[in-house]
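**Q** Below you'll find the structure I mean.
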Amino acid sequence: MEPAEYDVMFRNEDAHWWYWGLRDLVLPFVASRARGQGGPVAVLDAGCGTGKHLDALRRMGTEALGVELAPAAFEFLRRRGLDGVARASIDRVPFPDRSFDVVLSTDVVCCIEPPGDGEALRELARVLKPGGWLVLNLPAYPMLRSRHDEAVHIRRRFTRGSLRGLLTDAGLRIRTLTYRNTLLFPIAALVRMARRGPGPHARPASDLAPLPGPVNGLLKLPLSLENRWIRLGGRLPFGLSVFCIAVKP
């Protein structure tokens, strides 16, 4: 990710509909894993960025640690008062085998050039305990590549099929595999494709920007409905992202 994008992330991730929708989906799944275990849950936020998920995980009572490679992210981690974050890439996680009950990684594996993304998934599987969950969110569909991808260093977009193959190769069993951000897909896809860059002087820039409160609140509604459906076991046929929970046998 371009260094300036960490500041954009930090300023927007508390309230922006995109980040809110992702937290509204992944955190209840982690909480359900904690309830099912009946004791302290060790969680790794693999590619924790500016630390919003890591902070939320600790407030939930999990024993959460982080891994982050980008130097620019650590200033924002300090602002949040977060320690326990190792400086490392997710394809070289500095923790022993079978260390974590849950590994959470949101829009990070996509930033590693293939075939390194498959190696990263094998590494995340390595640090999972047997029965542990790998919770992933990744950008969908190569056709949606745009200047946003250049700004945040997305190297690959996924389909359910391509992600399933990589997870199977990593020795993991699929529990949940679905697209998400479906209801907003038609509008967002058109905007993405329109921003692919009209010429050589187009600067890479992410799609994140503050929105008026009513607009931001309106955009949260379809995500709330979709997230509830996914948590109930439902699947969505297409979307802007691929969401997965995979289990280590």
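**Q** So what's the gap between the Cα centers of segment 119-167 and segment 54-110, to the nearest angstrom?
**A** If you average the Cα positions of each part, the centres end up 17 Å apart.
**Q** Further, regarding this structure: Within 15 Å, Cβ to Cβ, of Val30, how many net charges do the neighbouring residues add up to if Lys/Arg are +1 and Asp/Glu are -1? All intermediate terms of the calculation are to be shown ahead of the outcome.
**A** Numbers: positive: Arg23, Arg33, Arg35, Lys52, Arg58, Arg59, Lys129, Arg175, Arg231; negative: Asp24, Asp45, Asp55, Glu63, Asp101.
That works out to +4.
**Q** Right, another one. When a footprinting reagent is the concern and you count Cβ atoms within 10 Å, what order do Phe29, Phe238 take, fewest first?
**A** With the fewest neighbours first, Phe29, Phe238 line up as Phe238, Phe29.
**Q** Let me ask something else. Which order do Lys248, Lys220 fall in if you start with the one that has the fewest other Cβ atoms within 10 Å?
**A** So the residues, fewest neighbours to most, are Lys220, Lys248.
**Q** Need one number: nm distance between label points at Leu190 and Ala209, each 7 Å from Cα along Cα→Cβ, rounded to one decimal.
**A** It works out to 1.7 nm between the two label points.
**Q** Okay, next question. Would you calculate, for the chain, the mean residue ellipticity at 222 nm contributed by helices, counting each DSSP H stretch of 4 or more residues as -39,500 (n - 2.57) and dividing by all residues, to the nearest 500?
**A** Estimated from H runs of four or more residues: -12500 deg cm²/dmol.
**Q** How large is the convex hull of the Cα atoms of segment 91-196 per residue, expressed in Å³ as a whole number?
**A** Hull volume normalised by residue count: 97 Å³.
**Q** If you don't mind, another one. Computed over the Cα atoms of segment 41-86, what is the convex hull's projected area averaged over all directions, in nm²? Can you show the working numbers first?
**A** Working: hull surface 10.6 nm².
Its Cα hull, projected and averaged over all orientations, spans 2.6 nm².
**Q** Also: How high is the FRET efficiency from Thr168 to Arg59, r the C-beta distance, R0 30 Å, rounded to 0.05?
**A** 0.30
**Q** Also, I was wondering about something else. Show me 206-213, 172-179, 123-130 ranked by packing, highest mean number of other Cβ atoms within 10 Å first.
**A** 123-130, 172-179, 206-213
**Q** Per 10 Å bin, what is the whole-percent P(r) computed from every C-alpha pair distance within segment 59-126?
**A** Result returned by the calculation: 18, 51, 29, 3.
**Q** To continue, here is another question. Around Lys248, what is the net charge, scoring Lys/Arg as +1 and Asp/Glu as -1 over all other residues with Cβ under 13 Å from its Cβ?
**A** +4
**Q** How fast does the chain diffuse by Stokes-Einstein, in µm²/s, taking the Kirkwood radius from C-alpha pairs at 37 °C and 0.692 mPa s? Could the numbers behind the result be given before it?
**A** Numbers: Rh = 18.3 Å.
For these conditions, the coefficient is 179 µm²/s.
**Q** For segment 129-249, take every pair of Cα atoms, bin their distances at 5 Å starting from 0, and report each bin as a whole percent.
**A** 2, 10, 17, 20, 18, 15, 10, 5, 2, 0
**Q** Students often forget the sequence filter, so: which aspartates and glutamates lie under 15 Å Cα-Cα from Lys248 once same-chain residues fewer than 8 apart are removed?
**A** Asp97, Asp101, Glu123, Asp169
**Q** Now for a different question. Just tell me which lysines come within less than 24 Å, Cα to Cα, of Lys52; anything on the same chain fewer than 8 places away is out.
**A** In chain and number order, the partners are Lys220.
**Q** Per q in 0.20, 0.22 Å⁻¹, report the Debye log10 I(q)/I(0) for segment 127-182, using one uniform scatterer on each alpha carbon and no solvent.
**A** One equal scatterer on each Cα of segment 127-182 leads to -0.84, -0.94.
**Q** Using the count of nearby Cβ atoms within 10 Å as a rough guide to exposure, how do Asp149, Asp45, Asp14 rank from fewest to most? Show your work: numbers first, answer last.
**A** Values: Asp149 22, Asp45 30, Asp14 10.
Exposure proxy ranking, most exposed first: Asp14, Asp149, Asp45.
**Q** Mind jotting down a quarter of the surface of the convex hull over the alpha carbons of segment 1-105, in square nanometres, one decimal?
**A** Averaging across all directions leaves 6.5 nm² for the Cα convex hull.
**Q** Which whole-number percentage describes the relative contact order of the chain, with Cα contacts under 8 Å and a sequence gap of 6 or more?
**A** Reported relative contact order: 23 percent.
FYI, it's all coordinate maths here, none of it is from the lab. These numbers come from a predicted model, not from an experiment. Please note: Cβ atoms are built from the backbone with ideal geometry, for glycine as well, and neighbour counts cover all protein chains shown.
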